[in-house]
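Structure first, then comments.
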Amino acid sequence: IRRYGFDAAILFSDILVVPDALGVEVRFVEGEGPKLAPLAGAGDLARLATGNLHAHLEPVYATLRGLRTALPPDVALIGFSGAPWTLAAYMVEGGGSREFAAARRMARRDPDLFSALIDLLSAAVLDYLSAQIEAGAEVVQLFDSWAGVLPEPELRRWSIEPTRRIVSALRQRHPDTPVIAFPRGIGASYLSFAQEVPVQGLGLDTTVPISWAAQTLRRDPILCLQGNLDPMALLGDAESLTAEAGRIVSAYGDRPFIFNLGHGVIQETPPESVARLVDHLKSLDG
């Protein structure tokens with residue numbers, strides 16, 4: 001924030017802190033990523049509990065309180081959580097995957113068990129985000145990073161509906177706190193997501209045409225869109241980077257939007273490219 005002058009700060013705590021707080025064994029293996037004790041049956045689910053959730057996650061809340069004090073008053077502070085489907089996918093799979101076949105297989109073969117897992121996670125995520133708001137987050141964001149592996153109607157059952165319930169409950173508890181959702185990779189289903197989930201902001205991945213989103217996605221009440229510069233653009237030359245940024249800004253038209261990447265920053269990104277992008281966007285302001 002001090003270096004680049006962004007308009008907002010988001011506190012990223014790995015999404016797997018929620019399963020960890022519920023009692024799942026979570027570890028990280030160098031070169032491989034997260035490894036979890038796989039949830040394979042009702043007995044594994046029965047061992048999970050929300051009673052220690054807030055005590056376990058107190059470092060997140062303490063960091064938010066400290067950030068709110070340290071940040072300039074005009075810099076928004078964003079809280080964050082993984083969404084139930086993505087969390088459940090990691091928990092059943094036991095780690096990362098391209099297809100999350102084990103999770104999708106459980107959802108089909110034992111939908112009652114999988115539904116109970118989604119319900120447990122939904123309650124935990126709701127309480128987690130609510131506590132982040134109470135600790136100073138002015139906006140919260142739900143990341144459903146693996147929503148795109150689900151076909152209809154599974155997408156609606158395991159991603160859209162749980163997110164709808166969480167957002168609706170958050171709006172009741174904290175009516176003045178905006179909620180952003182990021183259901184990555186769901187393509188044309190962004191339309192039904194926007195219609196059914198009462199979020200104030202919707203993150204778009206790099207595959208979504210901005211012109212289509214700006215013209216099509218919910219306008220009553222108006223939905224603020226977020227995204228969706230390809231992170232690879234920051235590895236290119238200056239001219240192509242600013243041209244791509246300008247194209248995105250132009251495509252949004254008169255819609256409110258948050259300029260952002262369509263996914264995470266690539267490790268090899270030159271810091272100078274980030275500064276160049278921010279300076280260019282600020283030159284377009286107004």
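The values are calculated or read from the model by the stated rules, or taken from the named source; none is laboratory data. Just so we're clear, the structure is a prediction, and the values are computed from it rather than from any experiment. Glycine also receives a Cβ, built like all others from the backbone with ideal geometry; neighbour counts cover every protein chain displayed. Each accessible area value is taken on the protein alone, full model and side chains, heavy atoms only, with ligands, DNA and RNA left out. Shrake-Rupley method; radii C 1.70, N 1.55, O 1.52, S 1.80 Å.
Here region 69-206 has 49 percent of its accessible surface on carbon and sulfur atoms, given a 1.4 Å probe and all protein chains in place. Histogrammed with a bin width of 5 Å, the alpha carbon distances of region 162-209 distribute as 5, 22, 31, 21, 12, 7, 2 percent, first bin at zero.
Averaging the sequence gap over all C-alpha pairs within less than 8 Å and six or more residues apart, then dividing by the number of residues, gives region 200-286 a relative contact order of 35 percent. THR177 sits among other residues whose Cβ lies under 11 Å from its own Cβ, and their net charge, with Lys and Arg +1 and Asp and Glu -1, is -1.
Which number comes out as Rg/Rh for region 172-274 once both Rg and the Kirkwood Rh are worked out on C-alpha atoms? Here Rg/Rh amounts to 1.00.
Near PRO231, within a Cβ-to-Cβ distance under 13 Å, what is the net charge of the other residues, with Lys and Arg +1 and Asp and Glu -1? Net charge around PRO231: -3. The residue among ASN52, THR163, SER130 whose Cα reaches farthest toward the positive pole of the charge dipole of region 30-174, with charges on the beta-carbon of Lys, Arg, Asp and Glu, is THR163.
I need to check one value: relative contact order of the chain, counting alpha carbon pairs closer than 8 Å and at least 6 residues apart, in percent. Averaging sequence separation for qualifying contacts and normalising by length gives 15 percent for the chain. When its C-alpha radius of gyration is set against 2.2 N^0.38 Å (N residues), region 65-106 gives a value of 1.87. Volume per residue for the chain equals 135 cubic angstrom (convex hull of Cα atoms). Beta bridges from DSSP with both residues in the chain: antiparallel share about 20 percent, rounded to the nearest 5. Is the shape of region 113-175 best called rounded, prolate or oblate, per the rule: a/c under 1.5 gives rounded, else a/b larger than b/c gives prolate, else oblate, with a ≥ b ≥ c the square roots of the Cα gyration tensor eigenvalues? Taking the square roots of the gyration eigenvalues as a ≥ b ≥ c, region 113-175 is prolate.
Summarised as an ellipsoid, region 93-205 has semi-axes of 24, 16, 13 Å, derived from the eigenvalues of the Cα gyration tensor scaled by 5 and square-rooted, with the largest first.
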